[in-house]
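Asker: Quick one: the structure is below, and I'll ask about it shortly.
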Amino acid sequence: MADRDGVIWLDGEMVPWREAKVHVLTHTLHYGLGVFEGVRAYHTQNNGTCIFKLQDHTDRLFRSAHILNLPIPFEKEAINEAQLAVVRENNLDEAYLRPMCFYGSEGMGLRADNLKAHVMVAAWEWPSYMSPEAKEQGIKVRTSSYTRHHVNISMCKAKANGHYINSMLALKEALDSGCEEALLLDNEGYVAEGSGENIFVVRNDVIYTPELTSCLDGITRTTIFTLAAELGYDIKEKRITRDEVYVADEAFFTGTAAEVLPIRELDGRIIGNGGRGPITEKLQTMYFDAVKGRREQNLDWLAPVAK
Ligand code: PMP
């Protein structure tokens, strides 16, 4: 990852990949207070490479920063342009993008009153988060022994760097026990989300997803609401228990990295037909059609990279 050609946008300038460095006393490295996004660019049918829901990601980055009182020293327009430029200037056909706003090494300590906020945007090829078989057959998930962030401990509406300690502990535990992803519960024991995904379940032709209390306001989650509405489903946001997932007809994760990913098993219980359910398949197909520019009605979700 570190050693490669290409450029990274750092504080308003394109910097050669190998020179985009920070000091070891970078504040965010010590305390984790920073915000970031995970964004994808896809090769589309008629508009070349496009970033999917660029404005929504930039808006969430700024909301995350606002929640944490981190002043982003750029306008949204500049951060949008930086994302388009890193994909373009690295000649990427498809890409994963990482915008991040972090505190520098101007000072140390928890007061954080003598610091400057910095912004970087990198992009690289990252074809698939899971194997192609996983997208068709679904993944094995375990309920995590780690509780998801509580709203009054850390704030779940912010996509904050430090939050991902919890995600990484949960994911490692799941991987170590032979599963592919973790399902985290909130502090009351209700289903919250995956380590980097929102969750949906389907039962008796109704689609449910947890309320946003203890999970990230996912951009893919919102996309699924729109696509499901087109199929005639009005998704119900409600508290979900883990045994409701066990007895669901279908379950799936959504996220920019994971895209739309069926869940075939939770805690050793097969879900539905043990593969990708029919509603999951329809939504997954619509999602891939949308990101690849094959849906005329959703072309406004795509920001072309070419000038
Ligand atoms: N929850 C968490 C904890 C995440 O990290 C992500 C990925 N950003 C999501 C949900 C899904 O969000 P999105 O669809 O915006 O990628």
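The values are calculated or read from the model by the stated rules, or taken from the named source; none is laboratory data. Only a predicted model underlies this, so the values are computations on that prediction, with no experimental measurement involved. FYI the Cβ positions are ideal-geometry reconstructions off the backbone, even for glycines, and counts take in every protein chain you see.
Asker: From the list Glu89, Glu136, Glu180, Glu75, exactly one residue is closer than 30 Å to His23 by Cα, touching a residue at least 40 places away in the same chain (Cβ under 8 Å) and of a type in the set (Asp, Glu). Which is it?
Answerer: Testing whether each residue is closer than 30 Å to His23 by Cα, touching a residue at least 40 places away in the same chain (Cβ under 8 Å) and of a type in the set (Asp, Glu) leaves just Glu89.
Asker: Okay, moving on. Can you tell me which residue in the range 137-167 is nearest to Ile67 (Cα to Cα), limited to those that are at pLDDT 95 or above and part of a loop (DSSP other than H, G, I, E, B)?
Answerer: Start the filter on the range 137-167 by keeping residues that are at pLDDT 95 or above, which leaves 137-148, 158-167.
Those left that are additionally part of a loop (DSSP other than H, G, I, E, B): 138, 148, 158-159.
Numbers: Gly138: 35, Arg148: 18, Ala158: 6, Lys159: 10 Å.
Among those residues, the one meeting the criterion is Ala158.
Asker: Moving on to the next point. Limited to the range 108-122, what total is found for residues that are surrounded by fewer than 17 Cβ atoms within 10 Å (Cβ to Cβ) and at negative phi?
Answerer: So the answer is 6.
Asker: Here's something else I'd like to know. Could you say which residue among Met130, Met155 is surrounded by fewer than 21 Cβ atoms within 10 Å (Cβ to Cβ), out of contact with any Cys (no Cβ under 7 Å at 6 or more places or on another chain) and under 20 Å from Arg98 (Cβ atoms)?
Answerer: Of Met130, Met155, the one residue that is surrounded by fewer than 21 Cβ atoms within 10 Å (Cβ to Cβ), out of contact with any Cys (no Cβ under 7 Å at 6 or more places or on another chain) and under 20 Å from Arg98 (Cβ atoms) is Met130.
Asker: Got at least one residue in the range 28-38 being more than 19 Å from Gly218 (Cβ to Cβ), assigned to a helix (DSSP H, G or I) and among the hydroxyl-bearing types (Ser, Thr, Tyr)? Reasoning before the result, please.
Answerer: Keep residues of the range 28-38 that are more than 19 Å from Gly218 (Cβ to Cβ), which gives 28-34.
Subset that is assigned to a helix (DSSP H, G or I): 28-31.
If we keep only those that are among the hydroxyl-bearing types (Ser, Thr, Tyr) as well, we get 28, 31.
Yes, that holds for at least one residue.
Asker: Somewhere in the range 83-100, is a residue in a helix (DSSP H, G or I) and either within 16 Å of Trp301 (Cα to Cα) or in contact with a Pro (Cβ under 7 Å, 6 or more places away or on another chain) (or both)?
Answerer: Yes, the range 83-100 contains a residue that is in a helix (DSSP H, G or I) and either within 16 Å of Trp301 (Cα to Cα) or in contact with a Pro (Cβ under 7 Å, 6 or more places away or on another chain) (or both).
Asker: With the requirement that a residue be in a helix (DSSP H, G or I), polar (S, T, N, Q) and free of Cβ contacts under 8 Å to residues at least 60 places away in the same chain, what does the range 272-296 give you?
Answerer: Step one: of the range 272-296, the residues in a helix (DSSP H, G or I) are 278-291, 296.
Now restrict to residues that are polar (S, T, N, Q): 280, 284-285.
Correct list: Thr285 only.
Asker: From (1) in contact (Cβ under 8 Å) with a residue 12 or more places away in the chain; (2) assigned by TED's automatic domain parsing to the domain that holds Leu175; (3) not β-branched (Val, Ile, Thr), pick out the condition that doesn't hold for Lys53.
Answerer: Failing condition for Lys53: (2).
Asker: Val39 - would you say it is under 18 Å from Ala306 (Cβ atoms) and touching a His at 6+ places or on another chain (Cβ under 6 Å)?
Answerer: Against the criterion (under 18 Å from Ala306 (Cβ atoms) and touching a His at 6+ places or on another chain (Cβ under 6 Å)), Val39 qualifies.
Asker: Which of the following residues is touching a residue at least 40 places away in the same chain (Cβ under 8 Å) and more than 17 Å from Arg60 (Cβ to Cβ): Ala158, Ala170, Ala123?
Answerer: Going through Ala158, Ala170, Ala123 in turn, just one is touching a residue at least 40 places away in the same chain (Cβ under 8 Å) and more than 17 Å from Arg60 (Cβ to Cβ): Ala123.
Asker: Now for a separate question. Select from the range 40-78 the residues that are more than 16 Å from the ligand (Cβ to nearest atom) and not in a loop (DSSP other than H, G, I, E, B) and write down the one among them that is farthest from His118 (Cα to Cα).
Answerer: The qualifying residue farthest from His118 (Cα to Cα) is His43.
Asker: While we're on this one: Select from the range 176-212 the residues that are more than 13 Å from the ligand (Cβ to nearest atom) and under 19 Å from the mean Cα position of the chain (by Cα) and write down the one among them that is surrounded by the fewest Cβ atoms within 10 Å (Cβ to Cβ).
Answerer: Glu211
Asker: Something else now. Among Phe52, Phe62, which is crowded, with 21+ Cβ neighbours inside 10 Å and closer than 26 Å to Glu197 by Cα?
Answerer: Phe52
Asker: Let me ask another. Condition (residue is at pLDDT 95 or above and more than 14 Å from the ligand (Cβ to nearest atom)) applied to the range 255-262: is it met by at least one residue?
Answerer: Yes, that holds for at least one residue.
Asker: Looking at the structure I just gave you, is Glu37 at pLDDT 95 or above and away from the ligand (no atom under 16 Å from the Cβ)?
Answerer: So Glu37 fails the test.
Asker: Residues in the range 250-271: is at least one touching a strand residue (DSSP E or B) at 6+ places or on another chain (Cβ under 8 Å) and in a helix (DSSP H, G or I)?
Answerer: The answer is no; no qualifying residue exists.
Asker: Looking at this structure, is Ile224 at pLDDT 95 or above, within 14 Å of the ligand (Cβ to nearest atom) and touching a helix residue (DSSP H, G or I) at 6+ places or on another chain (Cβ under 8 Å)?
Answerer: When the stated conditions are applied, Ile224 passes them.
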